[in-house]
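Following: one structure in structure tokens, then a few remarks.
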4 protein chains.
Amino acid sequence: MPVISAERMQGRIDAIVEAASAVFAAKGYEAASIAEIARRAEVSDGLIYRYFSNKRDLLYRVLEAFYERVVAALEKEVAKDAGFEERLHALVRRHLGNFVADRELCRLFLSEVRVASDYKGSTIQTLNRRYASVLTGLIEAGIAAGEVKTDASARLIRDVIFGAIEHIAWPYVNGDGKLDVEATAQSVTALICGGICLPQQKNPEEAPRT
Amino acid sequence: MPVISAERMQGRIDAIVEAASAVFAAKGYEAASIAEIARRAEVSDGLIYRYFSNKRDLLYRVLEAFYERVVAALEKEVAKDAGFEERLHALVRRHLGNFVADRELCRLFLSEVRVASDYKGSTIQTLNRRYASVLTGLIEAGIAAGEVKTDASARLIRDVIFGAIEHIAWPYVNGDGKLDVEATAQSVTALICGGICLPQQKNPEEAPRT
Amino acid sequence: MPVISAERMQGRIDAIVEAASAVFAAKGYEAASIAEIARRAEVSDGLIYRYFSNKRDLLYRVLEAFYERVVAALEKEVAKDAGFEERLHALVRRHLGNFVADRELCRLFLSEVRVASDYKGSTIQTLNRRYASVLTGLIEAGIAAGEVKTDASARLIRDVIFGAIEHIAWPYVNGDGKLDVEATAQSVTALICGGICLPQQKNPEEAPRT
Amino acid sequence: MPVISAERMQGRIDAIVEAASAVFAAKGYEAASIAEIARRAEVSDGLIYRYFSNKRDLLYRVLEAFYERVVAALEKEVAKDAGFEERLHALVRRHLGNFVADRELCRLFLSEVRVASDYKGSTIQTLNRRYASVLTGLIEAGIAAGEVKTDASARLIRDVIFGAIEHIAWPYVNGDGKLDVEATAQSVTALICGGICLPQQKNPEEAPRT
DNA sequence: TATGAATGAGCCTTCATTCAT
DNA sequence: AATGAATGAAGGCTCATTCAT
């Protein structure tokens, strides 16, 4: 008996998280209502409070579930043996891909959680760090292998990469156009690796004339 | 009489925008209340609705005012005659500086507006484009002057630069640490210009022949 | 214009207090709902919160209004020049009379406020003290005039008198019988003044025999 | 088997009543929740409804248990052979002592039950009457023995005594000071027995003739 | 133009009680 | 007998917005 009950219970919890995921994603945290989530999960309002301590807790559980999935995928993707640039390319592609595949949850995260005062110390933050550490690790490995310059800290490099990707993906996340993941990943990786400046002759007038 | 009245009116509008700016920045859009803004502007609740069609409109006007100031400053900053890298450095420094000087309004913008469905076509978006076009223009000038590579589009480069800066600035915007603008601007500019990868010998066995 | 508005406003406030008075008295604090009070006052729910900070505040204002009326009446009643017993009798009659005239508000006060943790320091407590001090003053005057014994403190005497009256009145306050105020006041006053014990011969066997 | 079951059942019931007693006493009726009581009794929520028809019923059973204990103690205390004043003194002391020993349950009773509309006809009322009849009996015995005046009814005297004690004890019941039971019992008994007024010369000018 | 009283829908949350297991 | 998941009604309170003055 407890087994059936436990399964049923888990089913309800999943239904709630799923419904909340959809409603939060579609309307944003503030505009979403517990009543709507309950209706969508085919559950009473009250039941939500048996499993989640409040609306905000529910949001966080939704994002945790999402993040867990995404972190695992990234770790798996980048784990493969390969050179730095190739692995970076895989990471960029996957990261961009996440914005395409889960644009609404990404938007939810970026707009509701990052800003939140209760973000620090949350499980979400831990997952976020794990996600980020995949790239940091990759960069450090690249440095160790002599593939990456040592002018800048791994952390700075990581911020540049993630920041760039997010900024590029944003219009697609927020709007409705399509993002060519493959092409963009290619360009971004190349750009990041090679920089944007051509070597300059510092003193042109002193340069060798023919 | 009508003159005085018009001046008075403008004064009221300014007071409202200023008050709203402070309250929105301090509390965020949802948590801010019209009543508090009115109180702060020493104006009745109702009057706000004579000049602004609703709460959201007021938010937008606040951000417009902010953006106008910021865009003008950026355009002035980067206008100076100089080489690409120097001008880029100035832009990066200024952009980072904005996050430091107006972190709360920046946070407001990033969390409330970018996500909004009514963002497209708004005056804000126009200002945002103008802000972005400063960098695009700079890059194009760099390309024209042969200082910047032509592998990637100016738009992509621009996204990488802005994205990187925002990502780096974010923890400081949201938290309470201090950001060393000068040092960060230096590193970021260098990183962006030079890339992160060391030149690799593609085919070691086919290496330099005598 | 502000005059009309202010009058109208005061009228609303009075209506709310009156409605709240009736509903609280009839149902008790917990069972009373803001919605019902609003309906009864022909006012919207929200308006109540313009004038009263919360439900509890409304309760206190109701009881303050009641208490102010009652305190003033008592002070006036007992103020008359007369001997101690006569004045005490007037006070007892008036106090009993209050329980009869406003039994529901008395019940409300006794059940909801006296127990409350926020009672101390409230305006209600101040009024309560003022009410009590009428009797304390009367007793002290009686002592000063040599009409009252000095075996017990004025405070103790006061507690005995108020406690006795409340206990006697309670069944009528809570139930639906009628209380004969005049007769009861007479008996209580006599009892309090004269005590209940007959003088006893301590050692009857040693007493003078005829 | 059925015996064990019956014992177990009684144990559960006792545990529930005990838990409810603690929770009601600590938080008051409204603020107490069935869930907390169940948790404390290490019993499921549902089980409570097998033995008690609803929350209010549980409250009444708690107070019955309390009252039974208290009534028995009072009857025993006052049963001893002694003169009226001595026995009254014992009763007063015991009654005051109850407020000190069980102040929270006393408060619960005074605030939740006395006011209740379903009080009449309840077992509680019966117990209350039994409690009161101890004093009534004592007074009647005093009257029969010629120790007590016959000016007032036993019932009135009883109300004065109980009312006085409750009123004196209340601040200690509700607040956190300490009550000196011995001293207070002494003063109250003396006051009640002897009254508060000094004999007055009705017509001073017509005073003692030779 | 300016006020601010008034509205009322809507929200999160609690909890006594029930009932399938 | 016992559980505890589930219900669902109810309630206090907020606040953007309107409109009579």
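The values are calculated or read from the model by the stated rules, or taken from the named source; none is laboratory data. The shown structure was predicted, so the numbers you read here are calculated from the model rather than taken from an experiment. Quick reminder, even Gly has a Cβ in these numbers, built from the backbone with ideal geometry, and neighbours come from all protein chains shown. Remember, those area values only see protein heavy atoms, side chains included, never the ligands or the DNA or RNA. Shrake-Rupley method; radii C 1.70, N 1.55, O 1.52, S 1.80 Å.
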Options A:R40, A:R93, A:R69; residue that is touching a helix residue (DSSP H, G or I) at 6+ places or on another chain (Cβ under 6 Å), in the same structural domain as A:I165 (by TED's automatic domain parsing) and more than 24 Å from B:V173 (Cβ to Cβ): A:R93
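Would you check if D:E85 is more than 16 Å from DNA strand E (Cβ to nearest atom), open to solvent by 70 Å² or more (accessible area, probe 1.4 Å), within 14 Å of another protein chain (Cβ to nearest Cβ) and touching a residue at least 12 places away in the same chain (Cβ under 8 Å)? Break it down stepwise before answering.
Working: more than 16 Å from DNA strand E (Cβ to nearest atom): yes; open to solvent by 70 Å² or more (accessible area, probe 1.4 Å): yes; within 14 Å of another protein chain (Cβ to nearest Cβ): yes; touching a residue at least 12 places away in the same chain (Cβ under 8 Å): yes.
So D:E85 passes the test.
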Residues of region C:22-73 classified as within 12 Å of DNA strand F (Cβ to nearest atom), open to solvent by 50 Å² or more (accessible area, probe 1.4 Å) and within 14 Å of chain D (Cβ to nearest Cβ), total: 4
Neighbours by Cβ (under 7 Å, 6+ apart or cross-chain): first from region C:160-175, facing chain D (nearest Cβ under 7 Å) and under 9 Å from C:R103 (Cβ atoms); second of a type in the set (A, V, I, L, M) and not in a helix (DSSP H, G or I): C:N174/D:V115
Failed condition for A:V17, given (1) more than 13 Å from chain B (Cβ to nearest Cβ); (2) away from DNA strand E (no atom under 16 Å from the Cβ): (2)
Unmet criterion (only one of (1) open to solvent by 60 Å² or more (accessible area, probe 1.4 Å); (2) within 12 Å of chain C (Cβ to nearest Cβ)) for D:K178: (2)
Looking only at region B:119-144, and only at residues there that are more than 12 Å from chain A (Cβ to nearest Cβ), hydrophobic (A, V, I, L, M, F, W, C) and more than 23 Å from B:A32 (Cα to Cα), the one that is surrounded by the fewest Cβ atoms within 10 Å (Cβ to Cβ): B:A144
Of residues in region D:145-156 being touching a residue at least 24 places away in the same chain (Cβ under 8 Å) and at the interface with chain C (Cβ under 8 Å from one of its Cβ atoms), the one surrounded by the most Cβ atoms within 10 Å (Cβ to Cβ): D:V148
Single condition D:F99 does not satisfy, out of (1) within 23 Å of D:L138 (Cβ to Cβ); (2) away from chain C (no Cβ under 13 Å): (2)
Residue in region C:102-118 that is within 11 Å of chain D (Cβ to nearest Cβ), of a type in the set (S, T, Y) and crowded, with 17+ Cβ neighbours inside 10 Å present: yes
Pair list, Cβ under 9 Å, 6 or more apart: region A:33-48 residue over 15 Å from A:V62 (Cβ atoms) and within 7 Å of DNA strand E (Cβ to nearest atom), other residue among the charged types (D, E, K, R) and assigned to a helix (DSSP H, G or I): A:A35/A:D45; A:D45/A:R39
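Is it true that A:L59 is under 22 Å from the mean Cα position of the chain (by Cα) and farther than 23 Å from A:G28 by Cβ?
On the way: under 22 Å from the mean Cα position of the chain (by Cα): yes; farther than 23 Å from A:G28 by Cβ: no.
Criteria not met by A:L59.
Of all the helices (runs of 4 or more DSSP H) wholly in region B:1-108, which have at least 1 residues that are within 16 Å of B:L127 (Cβ to Cβ)?
On the way: elements: B:2-27, B:34-40, B:45-51, B:55-79, B:84-101, B:103-108.
Answer list for region B:1-108: B:2-27, B:55-79, B:84-101, B:103-108.
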